[in-house]
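Peer 1: Next up is a structure, given as structure tokens.
The values are calculated or read from the model by the stated rules, or taken from the named source; none is laboratory data. Computed from a predicted structure; not experimentally measured. Glycine also receives a Cβ, built like all others from the backbone with ideal geometry; neighbour counts cover every protein chain displayed. Heads up: the accessible areas ignore ligands, DNA and RNA and are worked out on the full protein's heavy atoms, side chains in. Shrake-Rupley method; radii C 1.70, N 1.55, O 1.52, S 1.80 Å.
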Amino acid sequence: MTFNGAIAVLVIPAVSAAVLAALPGYRTTARLNVFAALLTFLAALSLVFERPQPGPYLLVDDLNNVFIVLTTFVAFTTSVFSASYIGHELDSGRLTPTFLRFYHAMYQVLMFAMNLALVANNIGLMWVAIELATLTTVLMVGIYRTHEALEAAWKYFILGSVGIALALFGTILIYMAARPVIGEGPEAMVWTVLITRAASFDPALLNVAFVFLLLGYGTKVGLAPLHAWLPDAHAEGPTPISAVLSGLLLNVALYALLRFKMLLAANPEALAPGPLMITMGLISLIFASFMLYRRRDIKRMFAYSSIEHMGIIAFAFGMGGPLANFAGLLHMTMHSLTKSAIFFAVGHIAQVKGTQHMPDIRGLTVSHPVLGWGLVFGVVAIAGLPPMGIFMTEFLIVTTTFARHPVLAVALGLSLLVALGALLLRLNGLAFGDPHGSAAPAKASFVPIFAHFALVFVAGIWLPPALVSWFQNVASLLS
């Protein structure tokens, strides 16, 4: 494969990470981090128009193109937010210049790992990339070196390692199923070869493999009851990492799961993976919806909101069919944009108020109008109220479920209403009333927050025909 966008989205963050690890000075590293993220996003955009031939290790198709463009865009806007956020952490003494250099280098390593997982044509290489992303985020979650941050990092490391070990066992079983048909060697792990020969694989091995893969990668997606690491990692790590976790890394694990779902669908004798994903998705949605009422930490609350929405997305892909898959893809995109923007706002709110404890945060629309109304807009969007993009995707998911399984549609709709009530209840205290705590001005870049919200708002009203056609094509592939 000649040098192209697929290689560029790997080379740029890898080289940038090495440079950032050596450079002193916060402002220099922050600016380079933003510049590297921008270059990676531009390289990803080139893949929309350029489709290099797949090789034994790298692949670009319609499915991973959606994930690559979304991942690099949110990574770029998060790097812009991170520049102002992390500068405050340095000024307040929570981080030292050495840790800041480490942070920016690890940010690019994380981008490299996620991009590698998305463009990998080898299922073993994809597993390695997701494991690298896990280890990188473990280091970043514990960067504050407080007792709570280290505990969260260790919990993430232990549970993530268990999940990734299960995923490894599932990957090995896929190789064992392919070996009698394709033969030994790396070719039996190449995705483009596997999908063309999957109909001849042993269905029993495929069935067992998918159970392990669902549990393994489902841990990384944050599906209940495999979610225990997620609230702690969001609450204790730097807020830019919370945005990356919710907006990007969960999607990467979901992408891996969708690849293997397609593999099972290509074998007529294998079990249908849809009911398993529907079950775990609905359990996650119901569980997270009720848990939202019990949260007192603002970042933990939105972490449970991420579990809820990943449950909705897993449910949609489990339902299958062109409409449900289209709605799942669009919901994943809207959730990534909305949730990352919410974490941008929450990060600056926690800095100006000096706390993440919700009873100590009141009247934001009075004390900090831009942040307060930004949070209001974000909650309205993530709760699925019109005219936001998530309202449209949830409407599509509920209606297609009602047409096929009315009982499931009732459970889905009631769970969404429970989550809506919890979010609006918390928002009332956070945004309105007499302000509590510090009224210091926020030294923040608001451009990433409102850029995301603008996209979500426009998507709820109008979608470009080219985007609709692209997502419809991917939805048909997944079907």
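Peer 1: Condition test on residue 234, is it under 14 Å from the mean Cα position of the chain (by Cα) and open to solvent by 10 Å² or more (accessible area, probe 1.4 Å)?
Peer 2: no
Peer 1: Could you give me the residue pairs with C-beta distances under 7 Å whose first residue belongs to the stretch 231-257 and is in contact (Cβ under 8 Å) with a residue 60 or more places away in the chain and closer than 20 Å to residue 216 by Cβ, whose second residue is outside any helix (DSSP H, G or I) and not hydroxyl-bearing (Ser, Thr, Tyr) wherever it lies, and which are 6+ apart or on separate chains?
Peer 2: Filtered contacts from the stretch 231-257: 250/222.
Peer 1: Could you say which residue among 46, 16 is buried (at least 19 other Cβ atoms within 10 Å of the Cβ) and of a type in the set (Gly, Ala, Ser)?
Peer 2: 16
Peer 1: While we're here: Please verify whether residue 317 is of a type outside the set (D, E, K, R), at pLDDT 90 or above, open to solvent by 20 Å² or more (accessible area, probe 1.4 Å) and part of a helix (DSSP H, G or I), treating the condition exactly as stated.
Peer 2: The answer is no for residue 317.
Peer 1: Residues of the stretch 459-473 being of a type in the set (A, V, I, L, M, F, W, C), without any contact (Cβ under 8 Å) to a residue 24 or more places away in the chain, open to solvent by 60 Å² or more (accessible area, probe 1.4 Å) and assigned to a helix (DSSP H, G or I), which ones?
Peer 2: Across the stretch 459-473, the qualifying residue is only 466.
Peer 1: For the structure I just gave you, tell me whether residue 476 is under 24 Å from the mean Cα position of the chain (by Cα) and open to solvent by 30 Å² or more (accessible area, probe 1.4 Å).
Peer 2: Answer is yes for this residue.
Peer 1: Also: Of the residues that make up the stretch 431-445, is at least one in a helix (DSSP H, G or I) and either without any contact (Cβ under 8 Å) to a residue 12 or more places away in the chain or closer than 16 Å to residue 286 by Cα (or both)?
Peer 2: No: zero hits.
Peer 1: Any chance the stretch 68-88 includes a residue that's open to solvent by 50 Å² or more (accessible area, probe 1.4 Å) and in contact (Cβ under 8 Å) with a residue 12 or more places away in the chain?
Peer 2: Checked against the condition, which is being open to solvent by 50 Å² or more (accessible area, probe 1.4 Å) and in contact (Cβ under 8 Å) with a residue 12 or more places away in the chain, the stretch 68-88 yields at least one hit.
Peer 1: Suppose we filter 412, 424, 455 for residues that are touching a residue at least 40 places away in the same chain (Cβ under 8 Å), surrounded by fewer than 20 Cβ atoms within 10 Å (Cβ to Cβ), of a type outside the set (Val, Ile, Thr) and under 29 Å from residue 258 (Cα atoms); which single one remains?
Peer 2: 455
Peer 1: Out of all the residues in the stretch 49-61, which are in contact with a Ser or Thr (Cβ under 8 Å, 6 or more places away or on another chain) and open to solvent by 30 Å² or more (accessible area, probe 1.4 Å)?
Peer 2: Within the stretch 49-61, 54 is the sole residue that qualifies.
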